[in-house]
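Report on one structure; see the data block that follows.
Coordinate-derived values only; no laboratory data. On a predicted model such as this, the values are computed, not experimentally measured, just so you know. Cβ placement follows ideal geometry from the backbone for every residue including glycine, while neighbour counts extend to all protein chains displayed.
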Amino acid sequence: MNKKIIEGRGKFISFEGPEGSGKTTQARRLITRLEENGLEVVYTREPGGTPTGEAIREILQHDKTGDEISPKAEVLLFAASRAQLVSHVILPALERGAWVVCDRFADSTTAYQGYGRGFEVEQMIAINQFAIGNAVPDKTILLDLDPNNGFKRVAQRLLKNSDTLDRIESEARSFHERVRNGYIELAGKWPERFRIIDASRDEDTVFEDIRRIVRDEFGI
Ligand code: T5A
């Protein structure tokens, strides 16, 4: 299919939300829809999305060295992965007019390391700004879900793949509650950018809301 290249900068959509809220599932559905409309779409995820970022992801999630990652090092590793992703993938894509769909982005650090771990929120926002410059998403879709519900979904997925919870997933339920509430606060801080979706409903219903948002915002 011929890729339709839009004049000027492409559009940047990020998916955010607690564990198991359906970000990957919905991001993939959105990409299919955008591609059906002839758009070039770059899908990426955080942490990761570049060889350096994927190496950082491995350290952050599985910490196989046995060298416990300090909370400050954790913040900076996420930021390093993000800076690499912005410079090597996101900005080049946007500059050539492609759309970028990112499975987690800077708001994850504010939610998890800020609200979750307890670092000062404004400090997390400043670190994010340093890492991303002007690569701010045009729209952030927040899939809001009670962590108890999210972890039931994650448990089913782990069972299917014979996998186990990673380092951050294993944090206490109260941590994940703070993350969820933090996201809601962030959505209130940037109402133009954020759209909150009730992710407790079935996949098709959630996707209908996402389709409507993209149609209303971008005419696609
Ligand atoms: N992190 C990340 C930070 O602490 N700081 C940061 O700055 C960044 C970037 C990333 C971890 O790193 C942390 C957050 C995370 O702990 P990850 O593996 O990328 O790790 O974790 P998640 O992004 O949370 O991925 P998950 O797979 O857990 O969640 P998703 O992507 O939201 O959910 P998805 O789509 O994979 O779906 C999960 C399961 O639910 C089913 C799916 O089929 C799947 O089995 N499902 C539904 N079931 C019922 N109803 C629906 N509507 C459903 N939608 C999906």
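Just to be sure I understand, how many residues within the stretch 183-212 are touching a residue at least 40 places away in the same chain (Cβ under 8 Å) and in a helix (DSSP H, G or I)? Residues meeting the conditions: 10.
Here is the figure for the stretch 171-213: residues that are among the polar types (S, T, N, Q) and more than 9 Å from the ligand (Cβ to nearest atom) total 2. Restricting Arg28, Arg57 to residues that are within 12 Å of the ligand (Cβ to nearest atom), surrounded by fewer than 17 Cβ atoms within 10 Å (Cβ to Cβ) and in a helix (DSSP H, G or I) narrows the list to Arg28. Within the set Val75, Val100, the sole residue that is in contact with a helix residue (DSSP H, G or I) (Cβ under 9 Å, 6 or more places away or on another chain), closer than 25 Å to Arg193 by Cα, buried (at least 23 other Cβ atoms within 10 Å of the Cβ) and not polar (S, T, N, Q) turns out to be Val100. Leu143 meets each of the listed conditions (1) within 11 Å of the ligand (Cβ to nearest atom); (2) assigned to a helix (DSSP H, G or I) apart from (2).
Looking across the stretch 73-126, the residues that are in a loop (DSSP other than H, G, I, E, B) and within 14 Å of the ligand (Cβ to nearest atom) come down to Arg104, Phe105, Arg117, Gly118, Phe119.
Taken together, the residues in the stretch 209-220 that are more than 19 Å from Val100 (Cβ to Cβ) and surrounded by 13 or more Cβ atoms within 10 Å (Cβ to Cβ) amount to 1.
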